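So the structure is just underneath, and the comments pick up after that.
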Amino acid sequence: MKLHTLFTLLPTLLFQNLCFAHSWMAPEIEAQKSNPIPISTESVQQGQALFAELCGSCHGTNAAGMSKEETGLNKDTPNLPTRLKTHTDGDFHWE
Ligand code: HEC
């Protein structure tokens with residue numbers, strides 16, 4: 001999955017699920033589903049704004065990851081464009 005595809009999915013995500021249960025994989029049937037949000041300039045911009053608001057404090061606004069010293073967490077956050085390769089669109093859409 002590309003980062004801009006994640007951005008288009010953000011409005012549909014159950015944020016608590018994503019923020020507090022990060023080590024998830026959707027069931028196979030859900031993981032195979034495709035992104036229901038058409039990729040457009042508007043949907044990507046909307047997702048970027050949500051990412052900056054909800055995720056950027058831990059992942060950095062460009063999603064490159066941050067150190068635990070920067071976030072105050074007990075581990076560094078991963079570089080998402082690298083890690084996203086292990087997830088499908090359906091994985092992210094699953095609630
Ligand atoms: C409170 C800090 C925090 C916030 C806020 C946060 N994350 Fe994370 N995220 C983390 C940490 C820490 C990890 C690494 C977890 C691990 O390696 O076990 C992570 C990992 C991830 C991963 C990798 C999961 C995997 O299986 O590879 C994704 C994708 C992700 N976050 C997306 C998001 C999105 C999208 C948001 C906003 C909706 C968000 N995160 C908000 C701290 C946060």
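The values are calculated or read from the model by the stated rules, or taken from the named source; none is laboratory data. Since the structure is predicted, the reported quantities are computational estimates derived from the model, not experimental observations. All Cβ positions, glycine included, derive from the backbone under ideal geometry; neighbour counts span all protein chains shown. The accessibility values were calculated without ligands, DNA or RNA, using every heavy atom of the protein model including side chains. Shrake-Rupley method; radii C 1.70, N 1.55, O 1.52, S 1.80 Å.
Every test in (1) under 16 Å from residue 4 (Cα atoms); (2) open to solvent by 90 Å² or more (accessible area, probe 1.4 Å) is passed by residue 28 save one, and that test is (1).
Counting just the residues of the stretch 67-95 that are among the polar types (S, T, N, Q) and more than 10 Å from the ligand (Cβ to nearest atom), which one comes out most open to solvent (accessible area, probe 1.4 Å)? Full working, then the answer.
Narrowing the stretch 67-95 to residues among the polar types (S, T, N, Q): 67, 71, 74, 77, 79, 82, 86, 88.
This time we only want the ones that are more than 10 Å from the ligand (Cβ to nearest atom), so: 67, 88.
Working: 67: 34, 88: 61 Å².
Out of the qualifying residues, it is 88.
Taken over the stretch 66-85, the residue count meeting the criterion of being modelled with pLDDT of 95 or more and closer than 19 Å to residue 6 by Cβ is 1. Filter the stretch 50-62 for residues that are of a type in the set (A, V, I, L, M) and near the ligand (Cβ under 8 Å from one of its atoms) and give the result. Answer for the stretch 50-62, where residues must be of a type in the set (A, V, I, L, M) and near the ligand (Cβ under 8 Å from one of its atoms): 50, 54.
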